[in-house]
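S.K.: First the structure, which I've put down as structure tokens, then a few questions once you've had a look.
The values are calculated or read from the model by the stated rules, or taken from the named source; none is laboratory data. Bear in mind the structure is a predicted one, so any value in this text is a computation, not a measurement. With ideal geometry, Cβ positions are generated from the backbone for all residues, glycine too; neighbour counts draw on all protein chains shown.
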Amino acid sequence: MTDDNKTIRPGVANPGPDVNRPPAANQQWGGRFAAGPATIMQEINASIGFDRALWRQDIRGSLAHAAMLAKVGIITGEDEAAIRAGLMAIAAEIEAGDFPFAAALEDIHMNIEARLTERIGEAGKRLHTARSRNDQVATDFRLWVRDAIDGLDAQAADLMRALATRAAKHAADPMPGFTHLQTAQPVTFGHHLLAYVEMLARDRGRLMDARRRLNECPLGAAALAGTSFPIDRAMVAAALGFDEPMANSLDAVSDRDFALEFLALAAIMAMHLSRLAEEIVIWCSAPYRFITLSDAFTTGSSIMPQKRNPDAAELVRAKTGRINGALIGLLTVMKGLPLAYAKDMQEDKEPVFDAARALSLALAAMAGMVRDLRPETARMREAAGAGFATATDLADWLVRTLRLPFREAHHVTGRLVARAEAKGVDLADLTLAEMQAIEPRITEGVFSVLGIDASLASRVSFGGTAPENVARAARAWLEALG
Ligand code: ARG
């Protein structure tokens, strides 16, 4: 979501011999400044290279501000009309790629305001009445994060839909369930996928929580102390879709907790995606072969012709790193700042833009892979039966049928597993006589619980992996997701 900035910033690596030659004084505050900044000052100070991503929000905010200024009589209706037309024309210019972004004008706010004055003259100079870049940037950034939240929420819903669709189809197909990545008990492939649907639902809950908390309007806090003009903050807040104006002007311009909360929830969501990505990587590997990804989501090797690498999954896994970094980076920027605004806060945007973009890419790639992958159901079924996966079912049978205390049943089952292992067979391949040699009261009935499907069908407790549970849950999710 950050734009390529090559065209508007001088090279950093080699500023050249004119590093200290001052450009012309800034048009916006030139009154007090005799000369412009050193080139390197401009280089470190300008944010237009990345904050032009805020242009839509900046124009929205200015339109709402101007409408309010006119309504309370601070500017005339004619001025407001000129400002409105000018801002619309600027929006079209930016949209078309024709806007003359200038590093000398530092950031998106001054670029747009200067252009407005260039286009409409005097009226443009009245727009900044009762406003400061401090409340302006806080407003723009909140609007941007809110838009990002809405976009990511829709993407997360799409991924949930892809997972639930697959889960409905594979509600009864067994796969090994793991703990410690050791075969534990059979589960269904659908059940495994629905676990991620639940995680994503909580991620979406966190998105909505963050959205609710950020949805207050800083505009009108001005530089830090409010303003002497008779502004109507509630009107501006409502026009921008905020629930209300922020109550404390110092807080309004100086906190970035909404951005941090966004990054924190993004880090958690990325962690969920990374776990699924890791499973996809494992499932694709030759010793597992639980799924196959098509050419659409894999790459080949330049040297090993047999390879089909799950690069997209690996990159989803890796994106977590930059998102975690963004969170820690911004926490570090903010932690020592006295109230109110400090320029340090300009460093808030890039990590948020980068994390939002990474998360959006990861969600899209994951939805693509979930729709693309082919489950190798026969192979999963075979693996689900290996490793004495129904040993717990055997122990439960001993408890239920012979009334053994569970600890004793566990012990007897352990001896039966050892016997089968020594013989090189599965539990179901032991003869009744062999079983009775270990526990004489065992009857033929035990064999009914040793199969995978019987094991799955028995897990009917709420939230368990029984195919009927899984099918019901998948249906419910698909219905809820629409
Ligand atoms: N570009 C600045 C930022 O992103 C805008 C606010 C500047 N305010 C100021 N007082 N210098 O934070």
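S.K.: Just one of the numbered conditions (1) surrounded by 15 or more Cβ atoms within 10 Å (Cβ to Cβ); (2) touching a strand residue (DSSP E or B) at 6+ places or on another chain (Cβ under 7 Å); (3) over 30 Å from residue 45 (Cβ atoms) is not true of residue 279; which one?
M.R.: All conditions pass for residue 279, except number (2).
S.K.: Which count do you get for residues in the range 371-380 that are in contact with a helix residue (DSSP H, G or I) (Cβ under 7 Å, 6 or more places away or on another chain) and either surrounded by fewer than 20 Cβ atoms within 10 Å (Cβ to Cβ) or part of a strand (DSSP E or B) (or both)?
M.R.: Total satisfying the criteria: 3.
S.K.: If I filter the range 167-186 down to residues being among the small types (Gly, Ala, Ser) and buried (at least 24 other Cβ atoms within 10 Å of the Cβ), which single residue comes out as nearest to residue 279 (Cα to Cα)?
M.R.: 167
S.K.: Could you tell me which residue of the range 92-104 is farthest from residue 56 (Cα to Cα), considering only residues that are within 16 Å of the ligand (Cβ to nearest atom) and assigned to a loop (DSSP other than H, G, I, E, B)?
M.R.: 102
S.K.: Quick check, is residue 262 buried (at least 23 other Cβ atoms within 10 Å of the Cβ), at pLDDT 95 or above and not in a helix (DSSP H, G or I)?
M.R.: Here the answer is no, as residue 262 does not meet what is asked.
S.K.: Additional query: Go through the range 308-344 and report how many residues are of a type in the set (Ser, Thr, Tyr) and in a loop (DSSP other than H, G, I, E, B).
M.R.: 1
S.K.: In the range 105-163, which residue that is among the hydroxyl-bearing types (Ser, Thr, Tyr) and surrounded by fewer than 23 Cβ atoms within 10 Å (Cβ to Cβ) is nearest to the ligand (Cβ to nearest atom)?
M.R.: Only one residue fits best here, namely 132.
S.K.: Here is a further query. Would you confirm whether or not the range 310-321 contains a residue that is among the hydroxyl-bearing types (Ser, Thr, Tyr), surrounded by 15 or more Cβ atoms within 10 Å (Cβ to Cβ) and within 16 Å of the ligand (Cβ to nearest atom)?
M.R.: no
S.K.: Given the conditions (1) within 16 Å of the ligand (Cβ to nearest atom); (2) under 29 Å from residue 251 (Cβ atoms), which single one is not true for residue 83?
M.R.: Evaluating residue 83 over (1) within 16 Å of the ligand (Cβ to nearest atom); (2) under 29 Å from residue 251 (Cβ atoms) leaves (1) as the failure.
S.K.: Please verify whether residue 69 is within 31 Å of the chain's Cα centre (by Cα), more than 14 Å from the ligand (Cβ to nearest atom), surrounded by 15 or more Cβ atoms within 10 Å (Cβ to Cβ) and in contact (Cβ under 8 Å) with a residue 40 or more places away in the chain, treating the condition exactly as stated.
M.R.: no
S.K.: Identify the single condition in (1) modelled with pLDDT under 95; (2) in contact with a helix residue (DSSP H, G or I) (Cβ under 6 Å, 6 or more places away or on another chain) that residue 127 does not satisfy, given that it satisfies every other one.
M.R.: Here residue 127 clears every test but (1).
S.K.: Can you give me the number of residues within the range 154-192 that are under 13 Å from residue 465 (Cβ atoms) and assigned to a helix (DSSP H, G or I)?
M.R.: 5
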